[in-house]
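Participant: Mind looking over this structure? Questions follow.
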Amino acid sequence: MFELGQGTEAPAADLIKDVTEATFMQDVVEASMKAPVIVDFWAPWCGPCKTLMPALEAAVTKAKGAVTLAKVNVDENQAIAGQLRVQSVPTVYAFFQGQPIDAFQGAVPQSELEAFVAGVIEKSGGSADGGLGEALEAAETMLEEGAFEDAAQTFAAILGEDPESAVALAGLARATIAMGDLDQAEAILNEATGAVASSAEVEAVRAQIALARQAETAGPVAELRAVVDANADDHQARFDLAQAMHAAGDAEGAVDELLELFRRDREWNDGAAKAQLFTIFGALKPEDAIVLNGRRKLSSLIFA
């Protein structure tokens with residue numbers, strides 16, 4: 001199982017430090033050989049410094065160890081400020097591999113500040129998400145390889161770090177579906193709120209749950225095929241056949257049957273064929289060939 005956060009998230013005391021002339025070499029130059037260090041030159045009498053510092057501390061903390069912050073009081077450490085030609089405060093430098101790689105002066109909006117921190121991390125070849133992206137990839141691999149419990153535990157750990165991750169919430173629900181617990185998967189999705197609840201990832205899993213519940217009561221494909229072959233206008237049988245085919249793993253065949261049903265009677269059962277097509281499309285990845293071809297054919301029928 002992927003161990004989330006090991007070696008990636010340092011305690012707050014290690015992420016943010018007050019640095020002096022005596023410790024600058026160790027806490028900035030030497031430390032930047034391993035990970036970027038952002039240096040905030042400030043002064044107690046500086047109003048903008050008081051605005052910038054907490055915002056900068058929050059941005060660095062959010063990066064979960066991908067970058068650290070060194071705070072230098074220029075009144076008490078004038079030699080360092082002079083060497084780096086700090087002429088006004090606040091001035092912020094970013095160090096990596098012992099050298100300055102970026103800088104700005106003055107208080108800046110939160111969006112620009114976060115972009116600065118993310119840019120510094122990117123320039124140093126790091127990750128601004130504290131390793132969550134790597135963890136998500138690992139969880140997806142576990143899911144694909146059938147390690148459903150490990151995948152679920154990893155997705156849950158990611159949610160512990162980032163409760164607003166729609167990808168992790170959907171992944172946890174998918175892993176739960178794979179373990180055969182549809183009720184629990186649905187309960188997981190029901191915990192989502194706001195933008196997460198309406199995200200494409202969560203909506204896709206809702207569609208997967210709906211299809212999985214249909215599969216539990218799907219009839220035998222061969223018998224339903226025989227009924228449809230005997231009476232092509234038996235719309236209920238064709239609809240049931242599509243559900244059975246999807247339950248058997250033939251999503252493409254199910255889409256073809258639903259398209260044929262839509263062609264014959266698009267209004268049947270309050271547009272059930274179209275609704276079922278959208279459920280299947282929603283459960284698949286948008287770039288899936290079945291989705292692309294199915295949507296194209298459906299559009300041609302609608303506008304024919």
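The values are calculated or read from the model by the stated rules, or taken from the named source; none is laboratory data. All figures in this text were calculated on a predicted structure; none of them were measured in a lab. For neighbour counting, all protein chains shown are included, and Cβ atoms are generated from backbone atoms with ideal geometry for every residue, glycine included. These area figures cover heavy atoms from the full protein model, side chains too; ligands, DNA and RNA do not enter into them. Shrake-Rupley method; radii C 1.70, N 1.55, O 1.52, S 1.80 Å.
Participant: Among the residues of region 143-197, how many are more than 17 Å from LEU132 (Cα to Cα), among the acidic types (Asp, Glu) and part of a loop (DSSP other than H, G, I, E, B)?
Facilitator: Residues meeting the conditions: 3.
Participant: Out of (1) β-branched (Val, Ile, Thr); (2) open to solvent by 20 Å² or more (accessible area, probe 1.4 Å); (3) at pLDDT 95 or above, the odd one out for VAL255 is which?
Facilitator: In the conditions (1) β-branched (Val, Ile, Thr); (2) open to solvent by 20 Å² or more (accessible area, probe 1.4 Å); (3) at pLDDT 95 or above, VAL255 misses (2) alone.
Participant: Give the residues of region 205-223 that are open to solvent by 30 Å² or more (accessible area, probe 1.4 Å), over 15 Å from ASP181 (Cβ atoms) and of a type in the set (A, V, I, L, M), sorted by residue number.
Facilitator: Passing the criteria: ALA210, ALA218, VAL221, ALA222.
Participant: Moving to a separate point now. In region 170-204, which residues are of a type in the set (Gly, Ala, Ser) and either exposed (fewer than 13 other Cβ atoms within 10 Å of the Cβ) or over 22 Å from GLY160 (Cβ atoms) (or both)?
Facilitator: First, the residues of region 170-204 that are of a type in the set (Gly, Ala, Ser): 170-171, 173, 175, 178, 180, 185, 187, 192, 194-195, 197-200, 204.
Listed by number, the residues that qualify are GLY180, ALA187, GLY194, ALA195, SER198, ALA200, ALA204.
Participant: Right, next: Within region 39-52, is there a residue that is acidic (Asp, Glu), within 22 Å of GLU122 (Cα to Cα) and over 30 Å from the mean Cα position of the chain (by Cα)? Can you show your working first?
Facilitator: Going through region 39-52, the residues acidic (Asp, Glu) turn out to be 40.
Now narrow it down to the ones that are within 22 Å of GLU122 (Cα to Cα): 40.
Within this subset, residues satisfying the condition of being over 30 Å from the mean Cα position of the chain (by Cα) are 40.
For region 39-52, residues acidic (Asp, Glu), within 22 Å of GLU122 (Cα to Cα) and over 30 Å from the mean Cα position of the chain (by Cα): present.
Participant: Working carefully through the options ASP270, ASP288, ASP233, find the one that is at pLDDT 95 or above and under 30 Å from ARG174 (Cα atoms).
Facilitator: Values: ASP288 fails: at pLDDT 95 or above; ASP233 fails: under 30 Å from ARG174 (Cα atoms).
Criteria check complete, one pass: ASP270.
Participant: Right, next: Taking the condition in contact (Cβ under 8 Å) with a residue 60 or more places away in the chain and part of a helix (DSSP H, G or I), does ALA204 pass? Explain how you work it out, then say what you get.
Facilitator: Values: in contact (Cβ under 8 Å) with a residue 60 or more places away in the chain: yes; part of a helix (DSSP H, G or I): yes.
Yes; evaluated as a whole, the condition is true for this residue.
Participant: Among VAL60, VAL89, VAL117, VAL72, which is the only one that is part of a loop (DSSP other than H, G, I, E, B), open to solvent by less than 40 Å² (accessible area, probe 1.4 Å), β-branched (Val, Ile, Thr) and out of contact with any Asp or Glu (no Cβ under 6 Å at 6 or more places or on another chain)?
Facilitator: Values: VAL60 fails: part of a loop (DSSP other than H, G, I, E, B); VAL117 fails: part of a loop (DSSP other than H, G, I, E, B); VAL72 fails: part of a loop (DSSP other than H, G, I, E, B).
Of VAL60, VAL89, VAL117, VAL72, the one residue that is part of a loop (DSSP other than H, G, I, E, B), open to solvent by less than 40 Å² (accessible area, probe 1.4 Å), β-branched (Val, Ile, Thr) and out of contact with any Asp or Glu (no Cβ under 6 Å at 6 or more places or on another chain) is VAL89.
Participant: Could you please let me know if ALA138 is farther than 30 Å from ARG264 by Cα, open to solvent by 60 Å² or more (accessible area, probe 1.4 Å) and either among the hydrophobic types (A, V, I, L, M, F, W, C) or at pLDDT 95 or above (or both)?
Facilitator: Working: farther than 30 Å from ARG264 by Cα: yes; open to solvent by 60 Å² or more (accessible area, probe 1.4 Å): no; either among the hydrophobic types (A, V, I, L, M, F, W, C) or at pLDDT 95 or above (or both): yes.
Against the criterion (farther than 30 Å from ARG264 by Cα, open to solvent by 60 Å² or more (accessible area, probe 1.4 Å) and either among the hydrophobic types (A, V, I, L, M, F, W, C) or at pLDDT 95 or above (or both)), ALA138 does not qualify.
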